[in-house]
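The values are calculated or read from the model by the stated rules, or taken from the named source; none is laboratory data. Everything numeric here is computed off the predicted structure, so don't read it as measured data. Every residue, glycine as well, gets a Cβ built from its backbone with ideal geometry; the counts of neighbours run over all protein chains shown. Surface accessibility is based on the protein's heavy atoms, side chains included, excluding ligands, DNA and RNA. Shrake-Rupley method; radii C 1.70, N 1.55, O 1.52, S 1.80 Å.
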Amino acid sequence: MSLFAMGFLLVILQPSTGQFPRACANTPSLLRKECCPPWDGDGSPCGELSRRGSCQNILLSQAPLGPQFPFSGVDDREDWPSVFYNRTCKCEGNFMGFSCGECKFGFSGRNCTERRLRTRRNIFQLTTSEKDKFLAYLNLAKNTPSQDYVIATGTYAQMNNGSNPMFRNINVYDLFVWMHYYASRDTLLGGSNVWRDIDFAHEAPGFLPWHRVFLLMWEREIQKITGDENFTIPYWDWRDAEDCVVCTDEYMGGRHPTNPDLLSPASFFFSWQVICTRSEEYNSQQALCNATSEGPILRNPGNNDKSRTPRLPSSAEVEFCLSLTQYESGSMDKMANYSFRNTLEGFADPRTAISNISQSGLHNALHIYMNGSMSQVQGSANDPIFVLHHAFVDSIFERWLRRHRPMLEVYPAANAPIGHNRENYMVPFIPLYRNGEFFKPSRELGYDYEYLQEPALDSFQEFLIPYLEQARQIWAWLVGAAVIGGIVTAVLTGLILACWKKRRGTASEIQPLLTESEDYNNMCYQSNF
């Protein structure tokens with residue numbers, strides 16, 4: 001796609017045709033276009049007997065889309081998930097999940113009434129045992145089949161409109177690689193034709209909310225397979241880093257001694273195989289990624305095209321990005337200027353916020369810098385550094401939300417690229433999530449970042465920043481108003497004092513009941529004024 005052709009790499013790729021609950025990946029469900037599995041707790045669809053939810057028609061957004069995708073009815077992801085299902089579980093209260101069997105992010109307990117706040121930490125602040133446990137969890141996910149989800153290996157048309165289901169099992173880690181691929185893959189138009197200018201997870205307003213959901217779901221799946229309810233994704237703070245400090249065998253894998261494109265044999269991830277990296281092959285075959293192994297993880301950090309990405313991002317660039325007051329602007333795609341989202345994503349210069357597709361900044365810069373599996377959009381999630389990177393990108397998004405405190409209406413309701421309007425459902429998630437539902441502070445979703453919790457003074461300063469910025473923009477008016485207010489106050493004070501003195505002077509000479517009517521009216525006017 002165009003993003004790939006320009007060398008900009010974005011985050012984790014989604015699986016082909018969506019994240020399908022195993023209970024709904026069958027002919028009856030596809031022909032009925034209904035995904036309302038029974039909840040294990042009471043055996044009723046969506047846990048209806050326990051008042052957890054009910055099977056409802058899906059309400060799709062009717063808001064107009066931007067001009068970037070000039071087709072209709074050619075891609076299974078349009079109006080997600082209506083090509084596959086038009087009825088799903090609508091959960092009540094704090095219940096969530098494709099069968100309403102789980103709790104919303106940030107809640108726990110039997111009835112999902114207990115609030116819970118977890119903290120994501122800097123990977124270099126973890127103890128050795130905590131770090132080793134994280135690496136072990138990654139390996140476990142790579143070798144554990146997903147119990148709840150399968151992937152689609154064909155389009156809806158190739159499934160003969162549901163009568164010939166095409167699904168296969170996949171491990172937990174690769175499930176998320178596949179989902180990232182699916183969200184960012186090209187549209188297959190038949191023959192050898194494809195449309196590359198489409199992406200349901202990047203290059204538009206939904207980039208940050210989409211990856212926020214992605215990480216939350218990934219975190220939850222790890223919690224489920226390990227039984228560790230306190231697990232959180234660590235982050236890598238790459239600001240001002242001179243090289244890939246996580247690229248060691250102690251952490252995410254060092255460099256191979258004889259082949260600089262491969263990982264060290266001593267790395268946890270040396271034996272990992274990648275999937276969904278051959279986009280041109282899929283396009284030529286008009287096929288979807290079927291999660292077949294495609295070779296080892298590739299990574300050669302720092303040996304990238306320096307003209308596009310000369311170094312890793314700096315603290316100053318992050319701070320400039322955070323100062324931008326507009327979340328989105330203009331065309332709401334990679335050509336947007338003065339857009340916080342586009343600058344953080346990396347399509348706009350992190351020093352001017354002007355779109356510059358010949359350079360890769362901030363988020364994109366790190367993908368390019370890794371110079372391997374991370375540098376191809378559709379397969380970037382194969383490298384486990386992906387989750388560390390996106391956790392930190394999410395923390396920058398969180399800082400912006402706390403600093404500027406935007407209303408939900410700041411997120412575009414209409415005219416964004418396909419799939420990115422506020423009320424659009426995110427591709428390819430089931431259960432369904434709207435973009436706008438994750439345009440809010442992380443604490444409301446049950447997690448926080450260690451470096452955003454302290455010191456307290458920094459939080460107070462971030463609280464003041466938006467108000468100080470507003471004051472700076474209107475300072476001239478404020479000064480003018482203060483001067484005029486001072487003059488008016490002085491005049492009023494003088495008149496009142498003059499009136500008061502006059503009343504005192506006349507009070508000793510004239511009794512009020514004997515005052516002539518003309519003098520009385522004149523005195524009252526002065527006093528009132």
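Looking only at residues of the stretch 405-437 that are touching a Phe, Trp or Tyr at 6+ places or on another chain (Cβ under 8 Å), part of a helix (DSSP H, G or I) and of a type outside the set (S, T, N, Q), we find that the one that is surrounded by the fewest Cβ atoms within 10 Å (Cβ to Cβ) is L408. Do you know which residues across the stretch 170-187 are outside any helix (DSSP H, G or I) and buried (at least 24 other Cβ atoms within 10 Å of the Cβ)? If the condition is that a residue be outside any helix (DSSP H, G or I) and buried (at least 24 other Cβ atoms within 10 Å of the Cβ), then R185 is the only one that fits.
Pairs are defined by a Cβ separation below 8 Å, a sequence spacing of at least 6 or placement on different chains, a first member in the stretch 250-278 that is part of a loop (DSSP other than H, G, I, E, B), and a second member that is open to solvent by less than 60 Å² (accessible area, probe 1.4 Å) and among the aromatic types (F, W, Y); the pairs so defined are M252/F269; G253/F269; I275/W178; I275/Y181; C276/W178; C276/Y181. One residue stands out in the stretch 59-90 among those that are within 23 Å of the chain's Cα centre (by Cα) and of a type in the set (A, V, I, L, M, F, W, C): the one that is farthest from G154 (Cα to Cα), namely A63. Condition first: basic (K, R), part of a loop (DSSP other than H, G, I, E, B), under 17 Å from T325 (Cβ atoms) and out of contact with any Lys or Arg (no Cβ under 9 Å at 6 or more places or on another chain). Can you find one or more residues in the stretch 382-404 that meet it? Looking for residues that are basic (K, R), part of a loop (DSSP other than H, G, I, E, B), under 17 Å from T325 (Cβ atoms) and out of contact with any Lys or Arg (no Cβ under 9 Å at 6 or more places or on another chain), one finds none in the stretch 382-404, hence no. Restricted to the stretch 90-126, and to residues there that are β-branched (V, I, T) and touching a helix residue (DSSP H, G or I) at 6+ places or on another chain (Cβ under 9 Å), the residue that is most open to solvent (accessible area, probe 1.4 Å) is T119. Is there a residue in the stretch 128-138 that is part of a loop (DSSP other than H, G, I, E, B) and closer than 27 Å to W210 by Cβ? The answer is no; no qualifying residue exists. In the set C112, C100, only one residue is outside any helix (DSSP H, G or I) and free of Cβ contacts under 8 Å to residues at least 40 places away in the same chain; that residue is C112. Quick check on L59: is it part of a helix (DSSP H, G or I) and not aromatic (F, W, Y)? Criteria not met by L59.
Residue check: is S395 closer than 22 Å to G446 by Cβ and in contact with a Phe, Trp or Tyr (Cβ under 8 Å, 6 or more places away or on another chain)? Judged against the criteria, S395 is a match. Scanning the stretch 263-278 for residues that are open to solvent by 30 Å² or more (accessible area, probe 1.4 Å) and touching a strand residue (DSSP E or B) at 6+ places or on another chain (Cβ under 6 Å) yields one hit, F270. Checking S373, S355 one by one, the residue that is more than 22 Å from D186 (Cα to Cα) and over 14 Å from the mean Cα position of the chain (by Cα) is S355 and no other. Looking only at the stretch 433-444, residues that are closer than 15 Å to I58 by Cα and touching a Lys or Arg at 6+ places or on another chain (Cβ under 9 Å) come to 1 in all.
With respect to R118, is the statement that it is more than 29 Å from P37 (Cα to Cα) and not hydrophobic (A, V, I, L, M, F, W, C) true? Yes.
Of all positions in the stretch 237-252, none carries a residue that is of a type in the set (V, I, T), buried (at least 19 other Cβ atoms within 10 Å of the Cβ) and in contact with a strand residue (DSSP E or B) (Cβ under 7 Å, 6 or more places away or on another chain).
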